[in-house]
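J.: Dropping the structure in here first, questions after.
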């Protein structure tokens with residue numbers, strides 16, 4: 001990946017490179033945040049199902 005970036009940024013000024021890097025960071029951060037949210041939701045759902053199966057949902 002690093003070699004790909006090296007080859008494809010040759011001749012591109014620093015400002016556009018920084019802009020793309022910032023955009024990629026935003027995408028990466030939002031993806032990680034969404035992943036954590038889904039993990040929490042999955043854990044909550046699993047806990048509710050276990051509680052219901054144990055008779056907690058009467």
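Every number here is computed from the coordinates shown, using simple stated rules; none is lab data. Model, not experiment: these values are computed from the prediction. Here the Cβ is made from the backbone with ideal geometry for all residues, glycine too, and neighbour counts use every protein chain on show.
J.: Could you give the angle, 0 to 90 degrees to the nearest 10, between helix 14-51's Cα long axis and the longest principal axis of the Cα atoms of the chain?
T.: Helix 14-51 sits roughly 10 degrees off the main axis of the chain.
J.: In Å³ and rounded to a whole number, note down the convex hull volume per residue for the Cα atoms of the chain. Please report the intermediate quantities before stating the final value.
T.: On the way: hull volume 4.3 nm³, N = 58.
Cα convex hull per residue, to the nearest whole number: 74 Å³.
J.: A further question on this structure: In nm, to one decimal, how far is the modelled label at residue 34 from the one at residue 21, with both set 7 Å along Cα→Cβ?
T.: Using points 7 Å along Cα→Cβ, the separation is 2.5 nm.
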